[in-house]
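Structure record follows, encoded as structure tokens.
A short reminder: the numbers here are calculations on the coordinates, not readings from a lab. Computed from a predicted model, the values in this text were never measured in an experiment. Glycine also receives a Cβ, built like all others from the backbone with ideal geometry; neighbour counts cover every protein chain displayed.
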Amino acid sequence: MSNIIASTAKRARKLTEVEVEEIEHEMELYPDKQAVGLEALKIVQKHQGWVSDESMLAISKYLDISIGDLEGVATFFNLVYRRPVGRNVILFCNSVSCWIMGCKTMRTHINNKLGIDFGETTQDGDFTFLPVPCLGDCDRAPVMMVGDDLHRNLTKDGIDQIITSYKAKD
Amino acid sequence: MVVKPLTKNIDMSRPPLDISAYENNDGYQSIKAIAGGLSPADVLQIVKDSGLKGRGGAGFPTGLKWSFVPQGDNSPSQKYFVVNGDEMEPGTFKDRLLMEGDPHLLIEGIIIGAYTIQANTAYIFLRGEYKVSERMLKKAISEAYTKGYLGKNIQGTGFNLDIIVHTSAGRYICGEETALLNALEGKRANPRAKPPFPQVSGLWGKPTIVNNVETVCNLPGIITYGVNWYHSLTKGNDHGTKLFGISGKIKRPGCWELPLGIPIRELLEDYGGGMRDGLGLRAFLPGGGSTDFMLPEHLDIKLDYDEIAKVGSRLATGTMILLDDQTCPVGMVGNLMKFFAHESCGFCTPCRDGLPWVDEIFNEFESGRGTEKDLGILHEHVDYLGPGRTFCALAPGATAPLGSGLKYFSEDFKKHIKEKRCPYEH
């Protein structure tokens, strides 16, 4: 069953006060409610980690956007997660400059080290591994983001250190 | 004389200049000049005379674009000025430098552009992954409000302007200006049919200008130092300076502001330091992933919009991607095709179905299963996905490296078929 059909059988959850406050703030910046749809998805994701069917229904109701339209937006953008992700999301650039600079080897290294490939999450929930189009830091390729942080000139040793540092934070 | 108007304040080893330091280095002088009596029509004329062309890729004259916005009592009073900061062209890393390095320059440029078309609201459409840019821009915007460069009655001009930072959530197609407008309106970011052009009916149906970050950053210098100064910067036919970048296996990859019109060789050798030891230059994409390959024999061509067009490619974003002689050209084109297939919005059939098919064939080549028939299908797609066949420019952009790659690397494609493997994998 597709997400859309599944979500209609579910109930909206209640948006938290903080979520509502942040969505209201965004509404001041745009002339209509529909424009706030993506912002609302991002706000919910920031607080919940991902966007569940129940969250989708809640936003749809709050902003008076049809669930179909909202799903159309949610599934369109790379950075809106409609499935749970780990505490740290690795956005791994696999576009052309990083490819030339050997990102394939780095991908294999992460794969071996964490036991996950693109689209997967480690069993302990520490990391989700996702590909991302060109991160715009091509003179320091290969690069990847972990959470909000950008990591450049990746090497196998560097990746080991990066992973350890995020594990320590959790 | 200022020779690097875009990067004169940028030093990435420290945070960007705050508003006072920025003002002390001729910052916001253009707004003072406007307050001193330049009408929107005056500014439009100056920008037209400057010859500034869009730096986002298409190279369309900025003043001409602005002149299509209806003005006067019968025009809609609500107009929008939108900055395209959705930098996602593969191999392009110039707008990030400007936004992280000198956010006030962009804000000053936005005020000039918005004043010229009389837009009271401006949106910066920023790539969601550009977290540092977001932070720097928001801080600078708040400083600009405090000093009266934004808000009501800016510097006594009677002109009002608010700037809003919109962070996107990652889709290359949002760089296409009509798709960007749909995304800003909270819709799925499919491109719109043109006409009507955004200049007449854009964001929420109102007259809208969409300009690239680097384009907008050219404006403060033009107004502050004048058209003659701007014309003196170039070494070619097009005016001004440009950010040029190099990535790939070169000694010193990076991004530099240089006059338009310098030879490509100068950029690669004097600034980039030449290829890494033991490697030769096989080919390069001159301005991001959707430009045609050029060859070492083209190195003496000038970095100029028309000169590069003469050899069948585009200056586009000015950020070059180098292919060395030890990296598989088929693999490189295949990587680009995977990107374009993934980033297709899925609205029109040739792009939605054609690009994944092309991608799949490149996978076959990589795993040694490519055939002559496959090669024929790739050649067909250069036409099927080319200009005029699709709803927007995404798929035609993909045919640039595909078509030129098939032409320049035909021996490599054949080797993959004959040896039933990638000859570059050892």
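Some points to look at:
- Placing a label point 7 Å from the Cα of A:Asp32 along the Cα-to-Cβ line, the residues of the range A:56-100 whose backbone N sits under 19 Å from it are A:59-74.
- Our summary gives chain A a relative contact order of 18 percent, counting only alpha carbon pairs under 8 angstrom and 6 or more residues apart.
- The long axis of helix A:37-48 is offset from the longest Cα principal axis of chain A by roughly 70 degrees.
- Summarising the label geometry, the points placed 7 Å from Cα in the beta-carbon direction at A:Glu120 and A:Ala168 lie 2.7 nm from one another.
- Average beta carbon contacts from partner chains per residue of A:89-96, 10 Å cutoff: 5
- Size descriptor for chain B, Kirkwood hydrodynamic radius: 22.4 Å (Cα pairs only, one decimal).
- Order of B:Phe347, B:Phe365 - criterion: other Cβ atoms within 10 Å of each residue's Cβ, fewest first: B:Phe347, B:Phe365
- Partner chain coverage, peptide B:85-96 - average Cβ within 10 angstrom: 5
- Note on the protein assembly as shown: with charges restricted to the Cβ of Lys and Arg (+1) and Asp and Glu (-1), its dipole about the Cα centre is near 260 debye.
- The radius of gyration of the Cα set in the range B:286-426, together with its Dmax, comes out at 14.8, 42 angstrom.
- Qualifying trypsin sites (Lys or Arg not before Pro) in the range B:9-86, DSSP loop, other Cβ atoms within 10 Å at most 12: none
- Restricting the range B:256-321 to chymotrypsin sites (Phe, Trp or Tyr not before Pro) that sit in a DSSP loop and have at most 14 other Cβ atoms within 10 Å of their own Cβ leaves nothing.
- Semi-axes of the equivalent ellipsoid for chain A, Cα gyration tensor, largest first, Å: 33, 17, 15
- In order along the range A:160-169, the Karplus-derived 3J(HN,Hα) couplings, from 6.51 cos²θ - 1.76 cosθ + 1.60 at θ = phi - 60°, round to 4, 5, 4, 4, 4, 5, 6, 5, 5, 5 Hz, and Gly and Pro are given as x.
- Unit charges at the beta carbon, dipole of the protein assembly as shown: most positive-side option, A:Phe127, B:Met320, A:Ala141: A:Phe127
- Burial order of peptide ranges B:83-96, B:7-20 (average beta-carbon count within 10 Å, highest first): B:83-96, B:7-20
- Violating pairs (Cα-Cα greater than 30 angstrom) within the set A:Lys113/B:Lys138; B:Lys65/B:Lys187; B:Lys131/B:Lys338; A:Lys42/B:Lys139; A:Lys10/B:Lys138: A:Lys113/B:Lys138; A:Lys10/B:Lys138
- Averaged over the residues of A:125-136, the number of partner chain Cβ atoms lying within 10 Å of the residue Cβ comes to 5.
- The GNM of chain B, with springs linking C-alpha atoms under 10 angstrom apart, assigns the highest mean-square fluctuation among B:Val165, B:Val330, B:Val311 to B:Val311.
- Here the range B:81-135 is treated with +1 on each Lys and Arg Cβ and -1 on each Asp and Glu Cβ, and its dipole about the Cα centre works out to around 80 debye.
- Mean residue ellipticity at 222 nm, helices only, chain B: -12000 deg cm²/dmol; runs of at least 4 DSSP H residues each add -39,500 (n - 2.57), and the sum is divided by the number of residues.
- GNM top mover of B:Gly245, B:Gly376, B:Gly27 - chain B, alpha-carbon springs below 10 Å: B:Gly376
- Simple point charges give the picture: +1 on the Cβ of Lys and Arg, -1 on the Cβ of Asp and Glu, and for the range B:253-383 a dipole about the Cα centre of about 160 debye.
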